[in-house]
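The values are calculated or read from the model by the stated rules, or taken from the named source; none is laboratory data. As the structure is a computational prediction, the values presented were derived from the model and not from experiment. As a convention, Cβ positions derive from the backbone with ideal geometry for all residues, glycine included, and neighbour counts pool all protein chains shown. In case anyone asks, the SASA skips ligands and DNA or RNA and just uses the protein heavy atoms, side chains included. Shrake-Rupley method; radii C 1.70, N 1.55, O 1.52, S 1.80 Å.
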Amino acid sequence: MRVTERTSPGGGDLPASLEAAWGLRERPAKGPKPGLSLERIVAAAVAVAASDGLAAVSMGRVAQEVGASTMSLYRYVSAKDELYVLMQEAAVGPPEPLSALEAGAGWREALTEWASAQRDRFHANLWVLRIPIGGPPATPNSLAWWEQGLQALADSGLGEGDKISVILLVSNFVRSEALLMGDLAAAVTTRGVAPEDVVASNERTLRRLVDPERHPGISRLLESGVMSEPDDPDYEFVFGLERLLDGVEVLIRRTSGDVKSA
């Protein structure tokens, strides 16, 4: 993140968080404490979020972790929102090369790999999903992920507007699924019981509450035995992503004229 004389990408002013993420901000000439740096502050904040959740991150807590005064942190980070941006940038990191692209596979294989890689990063840093989204991707790593997704669709035949719509659709699905599965896993951990016991308990509760006349659909679901089957933690992700990509495939075929519009 060290810089000398550089200008912002595209010229003009940038928010302080983006200047820091792109390495466009000068370091303080003299730090308030030997060894204190923006990298160390961000690393300490990430460690707090990983152990205690995003809500535990405060300038005071981070200052305590790095052994400095709270006010000294403001020489490096102007606000907690700025710190959040830098934490996400550090935790998620850049994407790995897509093997599907390197092997010349089609857009579907490449986009599946891209979405799965995003999901893995989110599951390793679930606290990141609690950071409010304040705008489109603009940090180096977030733009790298965005670019890679667009490259996966480069030969799809879609227009540029449809490509970015597909990327947003898939990204939102990945975020939503990771957040839901993370919350469910946390709930199981909090209860201190095995996942299959939680599922069995939930099924028993539903059987006590569901009225076949008022809830015929749920009653049929319970009677089918589906809820008693072993749980595959990846099933909902794979199922949902496949159905999304089925829809994208229809869009591509329509764009190429292979099928008639509805």
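When R204 is tested against (1) surrounded by 11 or more Cβ atoms within 10 Å (Cβ to Cβ); (2) modelled with pLDDT under 95; (3) not in a loop (DSSP other than H, G, I, E, B), only condition (1) is not met. Would you check if there is a residue in the stretch 110-119 being within 14 Å of the chain's Cα centre (by Cα), among the charged types (D, E, K, R), open to solvent by 40 Å² or more (accessible area, probe 1.4 Å) and closer than 24 Å to A50 by Cβ? Scanning the stretch 110-119 turns up no residue that is within 14 Å of the chain's Cα centre (by Cα), among the charged types (D, E, K, R), open to solvent by 40 Å² or more (accessible area, probe 1.4 Å) and closer than 24 Å to A50 by Cβ.
Among the residues of the stretch 120-129, just one is surrounded by fewer than 18 Cβ atoms within 10 Å (Cβ to Cβ) and among the charged types (D, E, K, R), namely D120. In the stretch 94-106, is there at least one residue being in a helix (DSSP H, G or I), charged (D, E, K, R) and modelled with pLDDT of 95 or more? Within the stretch 94-106 (the criterion being in a helix (DSSP H, G or I), charged (D, E, K, R) and modelled with pLDDT of 95 or more), the answer is no, since none of the residues qualifies. Applying the set (1) at pLDDT 95 or above; (2) open to solvent by 30 Å² or more (accessible area, probe 1.4 Å); (3) of a type outside the set (S, T, N, Q) to P132 leaves exactly one unmet item: (1). Can you name every residue in the stretch 143-160 that is part of a helix (DSSP H, G or I), touching a residue at least 40 places away in the same chain (Cβ under 8 Å) and open to solvent by 40 Å² or more (accessible area, probe 1.4 Å)? Hit for the stretch 143-160 is Q151, nothing else. Restricted to the stretch 72-81, and to residues there that are in a helix (DSSP H, G or I) and in contact (Cβ under 8 Å) with a residue 24 or more places away in the chain, the residue that is most open to solvent (accessible area, probe 1.4 Å) is D81.
When A187 is tested against the conditions (1) assigned to a helix (DSSP H, G or I); (2) crowded, with 16+ Cβ neighbours inside 10 Å; (3) of a type in the set (A, V, I, L, M, F, W, C), the lone failure is (2). For A43, the test of being open to solvent by 50 Å² or more (accessible area, probe 1.4 Å), over 30 Å from D155 (Cβ atoms), at pLDDT 95 or above and within 24 Å of the chain's Cα centre (by Cα) is passed. Selection over the stretch 49-64 of residues that are farther than 17 Å from A186 by Cβ and either open to solvent by less than 10 Å² (accessible area, probe 1.4 Å) or assigned to a helix (DSSP H, G or I) (or both) gives a count of 7. Among residues that are of a type in the set (F, W, Y) and open to solvent by 70 Å² or more (accessible area, probe 1.4 Å), Y84 is not included.
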